[in-house]
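Step one of this worksheet: look at the structure below.
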Amino acid sequence: KYSATKSSSHYTCPTKANMSTKAKLHIANSKAEVAPLLHAQVISCVQKCSDESKFVIALSGGSLPAFLSANALIQSFADAGVNPQWNKWYVFLADERCVKNDHPDSNYCSIQQHMLTAELPIPADQVFPIDDALLDDTTPGTCTTENIAKDYEDKLKSVLGDNGIRLHT
């Protein structure tokens, strides 16, 4: 169950020990309040990362990449006095379109422009766009949403493990 609140509330990051934790939905009163609220939640989760853990985040497109712009995110971590531990970040896409990664409609393209800049040193092999090769319609049968979804599910499992994870395609 999710609960909505317009006030500041805390969010506990799911771990193996607390997978039944209830998440809270935060509602910002204005667009200007979104980035600080989002940054605070990300910082809180990163602070809870142990030495051996990973910080896994799934990003959608739209305005989200701009809210997580590299410079603003770096400044928020600095203001909070928190080490962002970029080497622990694993970035997935929550709702990517079936277009090439450099296409203007690609969420990955938007995330690259706003967030994944040289200033934000998340290892490239820990960022997971869809496989452009699967979008090549010159080989019959390869360019299907089923193939793309299955490949992405495999990428998720490679990081998260197969602990009963089943993505519905």
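Summary table below
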{"item": "Point-to-point label distance, K150-D131, nm (Cα→Cβ direction, 7 Å offset)", "result": "1.0"}
{"item": "Cβ crowding within 10 Å averaged over residues, with 105-114, 79-88, 27-36 ranked highest first", "result": "105-114, 79-88, 27-36"}
{"item": "Estimated inter-spin distance, L160 and A118, nm [label 7 Å along Cα→Cβ]", "result": "3.4"}
{"item": "Sequence of L64, L120 from largest to smallest accessible area, 1.4 Å probe", "result": "L64, L120"}
{"item": "Cα-centred dipole magnitude for segment 24-169, charges only on beta-carbon of K, R (+1) and D, E (-1), debye, nearest 20", "result": "560"}
{"item": "Cβ crowding within 10 Å averaged over residues, with 43-54, 148-159 ranked highest first", "result": "148-159, 43-54"}
{"item": "Measure of compaction for segment 69-135 (Cα Rg per 2.2 N^0.38 Å)", "result": "1.21"}
{"item": "Simple spin-label estimate for N83 and S50 in nanometres, 7 Å along Cα-Cβ", "result": "1.7"}
{"item": "R0 of 22 Å, Cβ-Cβ distance I57-I27: FRET efficiency to nearest 0.05", "result": "0.65"}
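The values are calculated or read from the model by the stated rules, or taken from the named source; none is laboratory data. Computed from a predicted model, the values in this text were never measured in an experiment. Don't worry about glycine lacking a Cβ; one is built from the backbone with ideal geometry, like all the others, and counts go over all protein chains shown. Side chains included, ligands, DNA and RNA excluded: accessible areas come from the protein's heavy atoms. Shrake-Rupley method; radii C 1.70, N 1.55, O 1.52, S 1.80 Å.
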